[in-house]
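Worksheet: the structure to be examined is printed underneath.
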Amino acid sequence: MNTVLSEIVPAGNLAAVARHELHIPGPVAEVFEMTRDVTRWSEYMPAVTEAKFVEDHADGDVVEISAEANDEKHTWRSRRAVDRTERTIEFSRIGATEPLVTMTGKWEFQADGDGTRAVLTHRFVTTTTEALEFFGNATRSNATRDLEGLADHFTKEAAR
């Protein structure tokens, strides 16, 4: 399996951008749709314990996610804009509470040979340097495991 390319760079005072990328051995339409369907996340994303749609519309939704971050359980809601033509999913955490000020991001999927290039980006602002480090570590750990889990799912599907 390929290694997740991961980088976190400062984006101002107490802000950062985390970018994670991996080749997924599955067709882009299937990889996109599986990632769009949060009800399947706990099947292949190790940190996710539960995810559900609160609202579901053709061009976007509101989802609730329960997951571990740095060995702590967290539950939050995100508003997502889904673009099936461009195969992107933009998200923004609803009602972030201190020390997190904002958390936004984007899933992007592009055909890459016989597979898919998946890119997951997070942008976050915090109130403390400790929180900036916490969310940096959490996004790196969870995004790496999520992308690896997605790749593993499609590797097993191809072997069937």
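The values are calculated or read from the model by the stated rules, or taken from the named source; none is laboratory data. If you're wondering where the values come from, they're calculated on a predicted model, not measured in any experiment. Using ideal geometry, Cβ is built from the backbone for each residue, glycine included, and neighbour counts are taken over all protein chains shown.
A few remarks follow.
- All positions within the range 132-146 that are within 19 Å of Thr3 (Cβ to Cβ) and not basic (Lys, Arg): Gly136, Asn137, Thr139, Ser141, Asn142, Ala143, Thr144, Asp146
- Put simply, of Arg77, Arg93, Arg123 the only residue that is among the charged types (D, E, K, R) and within 25 Å of His23 (Cα to Cα) is Arg123.
- Note on the range 2-120: enclosed strands (runs of 3 or more DSSP E) holding 3 or more residues that are within 24 Å of Arg160 (Cα to Cα) are 15-24, 100-112.
- Residue in the range 4-17 that is surrounded by the fewest Cβ atoms within 10 Å (Cβ to Cβ), counting only those that are aliphatic (A, V, I, L, M) and touching a residue at least 60 places away in the same chain (Cβ under 8 Å): Ala11
- Any hit, the range 18-35, residues being loosely packed, with under 15 Cβ neighbours inside 10 Å and either touching a Cys at 6+ places or on another chain (Cβ under 9 Å) or under 21 Å from Ala138 (Cα atoms) (or both): no
- Remark: Val54 matches the filter, which requires a residue to be in contact with a strand residue (DSSP E or B) (Cβ under 7 Å, 6 or more places away or on another chain), loosely packed, with under 14 Cβ neighbours inside 10 Å and among the aliphatic types (A, V, I, L, M).
- Of all residue pairs spaced 6 or more apart or on separate chains, those with beta-carbon atoms under 8 Å, a first member in the range 65-87 that is farther than 23 Å from Ala138 by Cα and a second member that is of a type in the set (Gly, Ala, Ser) and loosely packed, with under 15 Cβ neighbours inside 10 Å are Val82/Ala58; Arg87/Ala29.
- Being at pLDDT below 95, surrounded by fewer than 16 Cβ atoms within 10 Å (Cβ to Cβ) and of a type in the set (Asp, Glu) is true of Asp59.
- The residue list Ala51, Ala29, Ala16 contains one member that is in contact with a Pro (Cβ under 8 Å, 6 or more places away or on another chain), hydrophobic (A, V, I, L, M, F, W, C) and modelled with pLDDT of 95 or more, which is Ala16.
- Those residues of the range 121-135 which are surrounded by fewer than 20 Cβ atoms within 10 Å (Cβ to Cβ) and either part of a strand (DSSP E or B) or not aromatic (Phe, Trp, Tyr) (or both), in sequence order: Thr121, Arg123, Thr127, Thr128, Thr129, Glu130, Ala131, Glu133
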